[in-house]
Amino acid sequence: MSNTDYPLELPEHDRPMVRFMNVSKSYGRLNVISHLDFDVAEGEMVTIIGPSGSGKTTVLRALMTLETINGGVIYVDGKPLTHMPRDGVLVPADERYQRKIRSSIGMCFQHFNLFPHMTAIQNCMEGPVQVLGLSRKEALERSEELLKMVGMIDKRDQHPSRLSGGQQQRVAIARALAMRPKVMLFDEVTSALDPEVIGEVTHVIRKLVAEHNLTMIMVTHQMGFARDISDRVCFFYGGSIEEQAPPQILFTSPQRDRTKQFLSAVKEAV
Amino acid sequence: MTFNWRWDFTWEILPQLLWATLNTLIAAGVGYAIALVGGLLLALAQRTKWPALTFVVRELIEFIRSTPLVLQIFFVFYVGPQFGIFLSPWVSGIFAIGLHYSAYLSEVYRAGLNSVAPGQWEVCRALNMSPRVTYVRIIIPQALAPAVPGLGNYLVGILKDTPMLSVIGVMELMHTANALGSENYRYLEPFTLVGLIFLLISLPTAGLVRMFERRLRLRLGL
Ligand SMILES: Nc1ncnc2c1ncn2[C@@H]1O[C@H](COP(=O)(O)OP(=O)(O)OP(=O)(O)O)[C@@H](O)[C@H]1O
Ligand SMILES: [Mg+2]
């Protein structure tokens, strides 16, 4: 496919919130994602599962523009993200264009990455003030509301070094939400946490699913959690989607051998 | 050989030496301020997306670090005019010393910037921050705390290097002591006093730097 085969914009009747169109990513000679087609509808909660190294993180990072893809186009809300239209064709997006499109995406990381030199509330306010241009008062109100939502309002003036992993991750979720993204990405947000605090983070994500019409893509190793809250589960293998289905179906009657093997291996590990 | 310390001479020259100390402090202070800013700029210039700029800056730093400070001072003062740059001894001296220390401080800043966790850059991008906001609000504050001890060491270093300015006739402490010595044919008292004065300035400086680092870490919550 050449760049002229990709639409400059997705048509009204076929406009998922996120579309990976024939996307490939390689590091040197290692193909991490190959010819991936992947749609996520508005308001959909999609979970990505799969063995280590199957490219789950890479998919999220490509969508967050933390990695540049080598082939294909990613669309967000109908507009190209990795490319931009110029003279009727798509060319690789420049930083300015990408900033505009990227504003509808937010991401939470495995290791929280809070700003260590700022308190919880300052962490949340920084983006709205510096990037969105909100007044301090507006940003404060928005941040307080979100810290309440994640149950962290009583720790608003603590620095991250004084917070537990679960608490830090909840602040990180509030910080990402303060930017009002349309799509939220969660990359193994509970993997670095002690078992007893995983629940407080999953509780927040459940609440998000229940109360907000956010589009979410989540990578997780917690099959039970994925099963409870996902609209669809995608099993990744070798950089492409081996099998995808609603959780009730994928977890109870997987079709592909690799899916079956993976699920039984995961079950044994628990 | 007899050791005779003359107190009357000591008291006589002390006021002049204290005046010269002020000059030394100004030279060190202004030079250091230039180096603090220049060093940061040199460190940041190596992180832009233009490889040519990085290359030029790296070569400049290497050049400055591998040639003597005295040479650089002479260069600015005596060679500058050939390029139409006429600077007084004071200005060329402070400029040269500031530039010299910029090169050293830039390495300290560079290490500080490199010590910021990669995840911090990624989250800035995820929050859609501009490069300016990323550096000013997130990266530089975090790079500063680990850099303070290194930056502080060079504060004492620059103080001890100010006597180099005497080669182009700047009336700092060393030059003044030397002049007093040759006027009176007595060097014991002036040079001993110079040593004492340097000691009295250097010692508390190291302590102040440590205190500043502690307070900075506290303020940044690190
Ligand atoms: N910066 C990089 N340079 C080279 N190879 C990389 C880089 N980042 C990832 N890879 C490789 O790409 C492949 C996919 O990585 P990715 O992180 O997407 O896997 P994953 O499915 O998220 O795995 P895990 O479950 O362990 O997190 C792996 O083989 C990994 O080694
Ligand atoms: Mg991963």
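The values are calculated or read from the model by the stated rules, or taken from the named source; none is laboratory data. Source: prediction; values computed, not measured. Don't worry about glycine lacking a Cβ; one is built from the backbone with ideal geometry, like all the others, and counts go over all protein chains shown.
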Reported set for segment A:94-113 where residues are without any contact (Cβ under 8 Å) to a residue 60 or more places away in the chain, crowded, with 18+ Cβ neighbours inside 10 Å and facing chain B (nearest Cβ under 8 Å) is A:Arg102, A:Asn113
Of the criteria (1) within 30 Å of A:Ala120 (Cβ to Cβ); (2) away from every other protein chain (no Cβ under 14 Å); (3) touching a helix residue (DSSP H, G or I) at 6+ places or on another chain (Cβ under 9 Å), which one B:Gly221 fails | (2)
Per-region count, segment B:141-151, residues at pLDDT 90 or above and away from chain A (no Cβ under 14 Å) = 2
Filter segment A:215-229 for residues that are away from ligand 1 (no atom under 16 Å from the Cβ) and modelled with pLDDT of 95 or more and give the result.
-> A:Thr215, A:Met216
Test A:Ala245 against the criterion of being more than 16 Å from ligand 2 (Cβ to nearest atom), surrounded by 14 or more Cβ atoms within 10 Å (Cβ to Cβ) and closer than 20 Å to A:Phe38 by Cβ, and give yes or no.
-> yes
Could you tell me whether B:Ile197 is farther than 30 Å from B:Ala145 by Cβ and either away from every other protein chain (no Cβ under 14 Å) or in contact with a strand residue (DSSP E or B) (Cβ under 7 Å, 6 or more places away or on another chain) (or both)?
-> yes
Result of the Cβ filter at 9 Å on segment A:56-81, keeping first residues that are within 12 Å of another protein chain (Cβ to nearest Cβ) and in contact (Cβ under 8 Å) with a residue 12 or more places away in the chain and partners that are aromatic (Phe, Trp, Tyr) and within 16 Å of ligand 2 (Cβ to nearest atom), at least 6 apart or interchain, is A:Leu60/A:Phe186
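Here's the yes/no breakdown for (1) over 20 Å from the mean Cα position of the chain (by Cα); (2) small (Gly, Ala, Ser); (3) surrounded by 12 or more Cβ atoms within 10 Å (Cβ to Cβ):
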position	(1), (2), (3)
B:Asn4	yes, no, no
B:Leu14	yes, no, yes
B:Ala20	no, yes, yes
B:Leu40	no, no, yes
B:Phe55	yes, no, no
B:Ile61	no, no, yes
B:Gly80	yes, yes, yes
B:Gly84	yes, yes, no
Restricted to segment A:194-227 and to residues being within 15 Å of ligand 2 (Cβ to nearest atom) and either aromatic (Phe, Trp, Tyr) or away from chain B (no Cβ under 14 Å) (or both), the residue surrounded by the most Cβ atoms within 10 Å (Cβ to Cβ) is A:Met218
Got at least one residue in segment A:24-33 being within 27 Å of A:Asn213 (Cα to Cα), within 15 Å of ligand 1 (Cβ to nearest atom), modelled with pLDDT of 95 or more and in contact with a strand residue (DSSP E or B) (Cβ under 7 Å, 6 or more places away or on another chain)?
-> no
What about A:Ser52, is it surrounded by fewer than 18 Cβ atoms within 10 Å (Cβ to Cβ) and assigned to a strand (DSSP E or B)?
-> no
Segment B:109-124 residues that are at the interface with another protein chain (Cβ under 7 Å from one of its Cβ atoms), paired with ones that are in a helix (DSSP H, G or I) and surrounded by 14 or more Cβ atoms within 10 Å (Cβ to Cβ) (beta carbon under 7 Å, 6 or more apart) | B:Gln120/B:Ile138; B:Gln120/B:Ile139; B:Gln120/B:Gln142
Close pairs (6 angstrom Cβ cut-off, 6 or more residues apart or separate chains): on the phi < 0 side of the Ramachandran plot and crowded, with 19+ Cβ neighbours inside 10 Å in segment A:114-142, among the aromatic types (Phe, Trp, Tyr) and at pLDDT 95 or above anywhere = A:Asn123/A:Phe115
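The rows are residues; the columns are (1) more than 19 Å from B:Trp121 (Cβ to Cβ); (2) charged (D, E, K, R).
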| residue | (1), (2) |
| --- | --- |
| A:Ile74 | yes, no |
| A:Pro85 | yes, no |
| A:Ile105 | no, no |
| A:Glu126 | no, yes |
| A:Val129 | yes, no |
Checked segment A:169-179 for anything of a type outside the set (A, V, I, L, M, F, W, C) and either more than 12 Å from chain B (Cβ to nearest Cβ) or surrounded by fewer than 24 Cβ atoms within 10 Å (Cβ to Cβ) (or both); matches are A:Gln169, A:Arg170
Residue among A:Leu146, A:Leu163, A:Leu134 that is within 23 Å of A:Gly43 (Cα to Cα) and not assigned by TED's automatic domain parsing to the domain that holds A:Ile205 = A:Leu146
